[in-house]
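The values are calculated or read from the model by the stated rules, or taken from the named source; none is laboratory data. Being a predicted model, the structure only gives us computed values, none of them experimental. Note that we place each Cβ from the backbone using ideal geometry, even for glycine, and neighbour counts take in every protein chain shown. Accessible surface is based on the protein model in full, side chains and every heavy atom, while ligands, DNA and RNA are left aside. Shrake-Rupley method; radii C 1.70, N 1.55, O 1.52, S 1.80 Å.
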Amino acid sequence: LLRQRGSLHRMRLQLLLDAPTLLPRRGVDVQALEGHIRRALHTPWPTARMAACCHLSPQRFHARWLELTGRTPQHWLRQLRLDQAERLLARRRSLEASAADCGHASASALAYALRRDRGTGARALRRR
């Protein structure tokens, strides 16, 4: 019985010694998450919701996203929303409809974001 226990302990010790020192990182599929968000761009996307889609904690997701894209999740999302709003406005959609489709609280919030981040207004985008 003692020999069996000693043998079992040696096997366990060997397994521990052979185990990798670092666990592999959970991958973040940027394209899959972007597709998921694009399909529901009009809904709120806090970092915690994005993290849940990737099966990560919000803190770990934030760090990994910053590492992969060079931007924070919310900065990336803001740019994604503004890109879509620009496309919609260029197709002559109203500012109100574009704001609603892109997840902005109001037309004035979208107009402010366009001026702040892109240096342009809705009227100029419609003329393009």
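A few remarks follow.
- Stretchable slack from residue 40 to residue 116, in nm (0.36 nm times residue separation minus alpha-carbon distance): 25.0 nm
- The chain - percent of accessible surface contributed by carbon and sulfur, probe 1.4 Å: 55
- Pairwise label distance in nanometres, residue 94 with residue 29, each label 7 Å out on the Cα-Cβ vector: 3.8
- In summary, the convex hull built on the alpha carbon positions of the chain has an orientation-averaged projected area of 10.8 nm².
- Taking the longest Cα principal axis of the chain as reference, the axis of helix 58-69 is set at about 70 degrees.
- With protein chains left intact and a 1.4 Å probe, residues in segment 67-128 average 56 Å² of accessible area per residue.
- Over segment 65-111: Kirkwood hydrodynamic radius from C-alpha pairwise inverse distances, Å: 11.1
- Mean separation of Cα contacts under 8 Å, 6 or more apart, over the residue count of segment 1-103: relative contact order %: 22
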